[in-house]
1. Exactly one of these conditions fails for A:Ser60: (1) of a type in the set (Gly, Ala, Ser); (2) loosely packed, with under 14 Cβ neighbours inside 10 Å; (3) under 11 Å from the mean Cα position of the chain (by Cα). Give me its number.
2. Taking the options A:Glu103, A:Glu90, name whichever one is more than 24 Å from F:Cys78 (Cα to Cα) and either in contact (Cβ under 8 Å) with a residue 60 or more places away in the chain or in contact with a Lys or Arg (Cβ under 8 Å, 6 or more places away or on another chain) (or both).
3. With B:Leu7, B:Leu78, B:Leu59, B:Leu21 as the choices, which residue is among the aliphatic types (A, V, I, L, M), touching a residue at least 40 places away in the same chain (Cβ under 8 Å) and either within 14 Å of D:Glu76 (Cα to Cα) or within 14 Å of chain D (Cβ to nearest Cβ) (or both)?
4. Could you list, in sequence order, all residues of region A:24-41 that are within 14 Å of chain D (Cβ to nearest Cβ) and either modelled with pLDDT under 95 or assigned to a helix (DSSP H, G or I) (or both)?
5. Which helices (runs of 4 or more DSSP H) does region F:1-120 wholly contain that include 3 or more residues that are away from chain E (no Cβ under 14 Å)?
6. With region C:49-110 as the region, which strands (runs of 3 or more DSSP E) entirely inside it contain at least 1 residues that are farther than 14 Å from C:Phe19 by Cα?
7. Could you check F:Val116 against (1) within 15 Å of the chain's Cα centre (by Cα); (2) under 29 Å from E:Tyr94 (Cβ atoms) and say which number it fails?
8. Just need a number here: residues in region C:16-48 that are of a type in the set (A, V, I, L, M, F, W, C), within 16 Å of E:Val116 (Cα to Cα) and not in a helix (DSSP H, G or I).
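The values are calculated or read from the model by the stated rules, or taken from the named source; none is laboratory data. The structure displayed is predicted, hence computed values, not measured ones. Positions of Cβ are generated from backbone atoms using ideal geometry, with glycine treated the same way; all protein chains shown enter the neighbour counts.
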Amino acid sequence: MRSVFYLLDVAPYGSEKAYGLLNAAAVSIKMNVIVGLYADGVYLALAGQDSRALGVPNLSDIIYAYPEMKVIAHEPSLAKRGLFSQSLIERVELVDDEKFIEETVASDSVIAL
Amino acid sequence: MRSVFYLLDVAPYGSEKAYGLLNAAAVSIKMNVIVGLYADGVYLALAGQDSRALGVPNLSDIIYAYPEMKVIAHEPSLAKRGLFSQSLIERVELVDDEKFIEETVASDSVIAL
Amino acid sequence: MEHDRQLHSDGKEPKVDIFLLTKPPFSERARFCLRLIEQSEHAVLYLAGDGVYVLLEEALENLSLARIVVCREDLEARGVQAGDKTVVLVDFYERLVEDAMNKESKLYAF
Amino acid sequence: MEHDRQLHSDGKEPKVDIFLLTKPPFSERARFCLRLIEQSEHAVLYLAGDGVYVLLEEALENLSLARIVVCREDLEARGVQAGDKTVVLVDFYERLVEDAMNKESKLYAF
Amino acid sequence: MTTLTIILTDGPYISEYAEMAYKIAKAALVHHKVNIFLYLDAVHIPKGSQNPVLFVNIGRLFEELASNGATIRACPRCAAARGYQATDGVCQEYLPGIRITSLYDLAEMLKESDKVIALSK
Amino acid sequence: MTTLTIILTDGPYISEYAEMAYKIAKAALVHHKVNIFLYLDAVHIPKGSQNPVLFVNIGRLFEELASNGATIRACPRCAAARGYQATDGVCQEYLPGIRITSLYDLAEMLKESDKVIALSK
């Protein structure tokens, strides 16, 4: 494998999945790594996350800590969830359905956790 | 509590949820118990389940073993999943959306596992 | 307790429906919860966990809700903004329990 | 291995896409899987676990699939009938591995 | 005194539900009786020697609830399958105060309850 | 020799994925190298003394895979949080052949793999 596409399709914070997926992506950066936010995974793109009071790691900080990780978000999923009218973190690149699928199949492997 | 509505909204066999929910319903039959099949839970209504080769308990047998348990299935969920053209087990009563909601709110408690 | 039972056996419904929602809006559970709210005459919605993402739904406007109560730490973690019509609480769980354990209320959790 | 790498670096795609689907049809993962199949030029679909419920979908007819292979014990447990166009196997996993590990194929699991 | 029963099916850390149940139970214990039934993966919650780095220790939270009067019971079928064996309800691998008893306890808890909350993925 | 890596995130019994991974790994071991990475709740899979009544013993299946040459590693953060402590990768509560090492092992496994399968709810 020289490239991995990590598909995140569950909401951050409610489950350990997003945290686990970002950590797995972080250790994989010697390969080409894309994190694809899809379905409920796109909530991770919301700006202004502050998890101090909840007492868990800030997931958007992890994205900023690893610039090698390309992070894309599926526009139709964002639109459906009302996120286009919200502030989103700049690190996340918004792509349409076609481009999202293109990036998925271009990677050597796809991992959905 | 004198009545419990157990909501099953995940597919049987793929997860332990359906088995766990039916067991919980089975021990609760001194109360009025309804098992409501909803969303992917309606797959439990398919006739002809034979789990011997898979090596796990037959979930439709559990339904037949406890006649005290009322089992209803949400018709719109069945329709969406193409189940109206399939043989369904007789123990399951098909109800429309309104009736399903009515039975849900008529119970003292609703438990979704 | 006895009083509550009599209310039920008289065929009267509890006066308030309390909904605790912890799932994101496009989950089957959240859809089912919102469907139950539609038919409730007096519904209070408590949002915690991924349930706070429901605040981003325009459909929420159309629901007849007596009150929306939101868990502050869950809201902040997710970067969701609460609108004017919501009550954001630090002591969310104390208030939830108070409301939920009231004899006049019926509790749903999704 | 070396041969496979060269195929990739030449910009050529593997010839066959193998999709292992274990989720029921209305899950986000299954929808995503079916979306990937749509754009594949040569797709083989392996159905196991709750993936066998996809056989009840009429939409399956419209997909261009070279082959649908179904896990027999998973199919029987769920009471699902397989159509004429499917291959139902007892040695499902042996065949899956053979197909999936082939250098000419690309493997997806959902 | 009114009674609240909480049913859990997720293990610790994988979802927020164990911690959420703790917060609800803690608030409820002030004025009410609290039962917690650990079902399916939730039988992992009372396992000893949990050592999370960036998250709160869930096992300890449930130990605290038990010591503050919550009745916490685990399903024996689920527990045995997952490697937790009990003698007279006591499991050596579990934190103090939480017992592995019977699924019928769930039915008893429900029957005596005024309100029920199931939290589950 | 080609290499297959399987990634799991669910514990035993709660889903079919552990058993499905076993079936895939068993078939693959005939001709290929097999790596399995246990992540999140999957770190419960190698726990000893599992005793399911109506289901197959998942722990034993993975012990068998390890003894037949599969490399099976568990995430240390996930394992420690859930109460599994290891010394030099060896956890007393685990079945033989399965070690708790590092998340970096996942990356190494992926890099050397020809194919990857993640099975997860």
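1. Unmet condition: (2).
2. So the residue among A:Glu103, A:Glu90 that is more than 24 Å from F:Cys78 (Cα to Cα) and either in contact (Cβ under 8 Å) with a residue 60 or more places away in the chain or in contact with a Lys or Arg (Cβ under 8 Å, 6 or more places away or on another chain) (or both) is A:Glu103.
3. Among B:Leu7, B:Leu78, B:Leu59, B:Leu21, only B:Leu59 is among the aliphatic types (A, V, I, L, M), touching a residue at least 40 places away in the same chain (Cβ under 8 Å) and either within 14 Å of D:Glu76 (Cα to Cα) or within 14 Å of chain D (Cβ to nearest Cβ) (or both).
4. Result: A:Ala39, A:Asp40, A:Gly41.
5. F:17-29, F:58-67, F:104-112
6. In region C:49-110, C:86-89 are the strands (runs of 3 or more DSSP E) which contain 1 or more residues that are farther than 14 Å from C:Phe19 by Cα.
7. (2)
8. 5
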